[in-house]
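The values are calculated or read from the model by the stated rules, or taken from the named source; none is laboratory data. Note that the coordinates shown come from a computational prediction; the quantities given were computed from them, not determined experimentally. Quick reminder, even Gly has a Cβ in these numbers, built from the backbone with ideal geometry, and neighbours come from all protein chains shown.
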Amino acid sequence: MNPAHLSRRNLLKSAALGALALPTLASRATAAAAPAPAAPAKQESLRLGVASYSLRNLPLDEAIAAVKTLRIANIALFRLHCNWEAASVDECSAVGAKLKAAGLALSGSGVVNLPNDEAKCRKAFENVRAAGMATMVCKPDLAALPLVEKLAKEFDQKLAIHNHGPEDKVYPTPEVIWNAVKNLDARIGLCIDVGHTERFGDGAAAAIRKYAARLYDVHLKDSIAVVGAQRDVPIEVGAGRLDIPGMLRALVDVKYKGVVAFEYEKAAGNPVTGLAESVGYVRGLLAAMAKS
């Protein structure tokens, strides 16, 4: 079965995951105290996660509850849920402990700015280490790359530099990041944001294949923004113009071992519903790929 030929409706149905299964805004506090939902019956071919920017209007406890209800085990925390640049080591350690107690792995972060200032960079490295973060998603100043490389070695910390599309004057594309890091320590790699990559005019699936050796994180989203647009127009995954099946196939083909983090940015009163629809669509695609 070719997943590209399946309808969005059938994919959502095959994933058996819909908005009705999620707690409403009024009942999330109860959901946070409830037992964790059962894990998917079969191991998925990709490790799915949620970038908590998707849930930026919710406090941390409610964001945790929403991610658990989606039956997802990986979370990347945005600065509103933990400020990696400015919080204390004790605060970050407590956040890491909270996630662990909830059964969630801290796979990454929102974009951490790393200036050419050793004290500020060191603080960020100390904070993510205290929380037990797997991969720091970041944006180093170009002049800071030698410093960042030194700290990556010292802390044995994996980094993933994030691209932000046409309006990003430093790292607009995965290619620019690759050229900046290819001669640096192997702990420093890429976080490919598929939406920003496509909006620039590059193919995200092709970038995944080309830079697989240093691909440490992926932000998955969909968009109806045209190529060259200075602002994204986010939408539920599968409802936009991006070739989501092609991207997932590329990730599977290169045997990607990192986390594919949903970054649902569409403005909505209840972002959990759109996030659930996005997750269901992707799970349906992955299930179809497994049968093909």
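Structure values in brief
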quantity: Set 117, 156, 168: member being closer than 22 Å to residue 220 by Cα and among the charged types (D, E, K, R); calculated: 168
quantity: Tally, over region 167-208, of residues that are under 26 Å from residue 233 (Cβ atoms) and assigned to a helix (DSSP H, G or I); calculated: 16
quantity: Matching residues, region 133-148, being touching a Cys at 6+ places or on another chain (Cβ under 9 Å) and either over 17 Å from residue 91 (Cα atoms) or surrounded by fewer than 24 Cβ atoms within 10 Å (Cβ to Cβ) (or both); calculated: 135, 137, 138, 140, 144, 147, 148
quantity: Residue within region 213-224 that is surrounded by fewer than 20 Cβ atoms within 10 Å (Cβ to Cβ), assigned to a loop (DSSP other than H, G, I, E, B), touching an Asp or Glu at 6+ places or on another chain (Cβ under 6 Å) and not β-branched (Val, Ile, Thr) present; calculated: no
quantity: Tally, over region 73-117, of residues that are polar (S, T, N, Q) and in contact (Cβ under 8 Å) with a residue 60 or more places away in the chain; calculated: 2
quantity: Meets criteria (among the polar types (S, T, N, Q) and out of contact with any strand residue (DSSP E or B) (no Cβ under 7 Å at 6 or more places or on another chain)) for residue 173; calculated: yes
quantity: Of all residues making up region 124-159, the number that are outside any strand (DSSP E or B), touching an Asp or Glu at 6+ places or on another chain (Cβ under 7 Å) and not aliphatic (A, V, I, L, M); calculated: 2
quantity: Restricting region 261-275 to residues that are buried (at least 24 other Cβ atoms within 10 Å of the Cβ) and of a type in the set (A, V, I, L, M), the residue that is farthest from residue 216 (Cα to Cα); calculated: 272
quantity: Sole residue being at pLDDT 95 or above, over 16 Å from residue 195 (Cα atoms) and not hydrophobic (A, V, I, L, M, F, W, C), chosen from 221, 255; calculated: 255
quantity: Residue in region 244-255 that is in contact with a Pro (Cβ under 9 Å, 6 or more places away or on another chain), assigned to a loop (DSSP other than H, G, I, E, B) and surrounded by fewer than 21 Cβ atoms within 10 Å (Cβ to Cβ) present; calculated: no
